[in-house]
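Peer 1: For reference, the structure I am asking about is given below.
The values are calculated or read from the model by the stated rules, or taken from the named source; none is laboratory data. Please read these numbers as outputs of a predicted model, since none were measured by experiment. All Cβ positions, even for glycine, are placed from backbone atoms using ideal geometry, and neighbour counts span all protein chains on display.
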């Protein structure tokens, strides 16, 4: 499950992959909305990895 955390890192690290104007979404060039789309995607991936880990019940 920890490998899921590499997806945003790889998806945003290689800038030539998303350095384009088209397709635009709501007036935003692809360059910007691609990066903004990774914010909720990364949050969901972090939540999934967190939920998959065993937790201690000790307080």
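Peer 1: Which one of these does residue 27 not meet: (1) in contact with a helix residue (DSSP H, G or I) (Cβ under 9 Å, 6 or more places away or on another chain); (2) at positive phi?
Peer 2: So residue 27 meets the others, but not (1).
Peer 1: Looking only at segment 28-39, how many residues end up being in a loop (DSSP other than H, G, I, E, B) and at pLDDT below 90?
Peer 2: Here the count works out to 0.
Peer 1: Of everything in segment 48-57, what is within 11 Å of residue 1 (Cβ to Cβ) and either within 12 Å of the chain's Cα centre (by Cα) or not in a helix (DSSP H, G or I) (or both)? Give them in sequence order. Give the steps one after another, and end with the answer.
Peer 2: From segment 48-57, those within 11 Å of residue 1 (Cβ to Cβ) are 48-53; that's our starting set.
The one that is within 11 Å of residue 1 (Cβ to Cβ) and either within 12 Å of the chain's Cα centre (by Cα) or not in a helix (DSSP H, G or I) (or both): 53.
Peer 1: In segment 6-19, is there at least one residue being assigned to a helix (DSSP H, G or I), surrounded by 10 or more Cβ atoms within 10 Å (Cβ to Cβ) and in contact (Cβ under 8 Å) with a residue 40 or more places away in the chain?
Peer 2: No, that holds for no residue.
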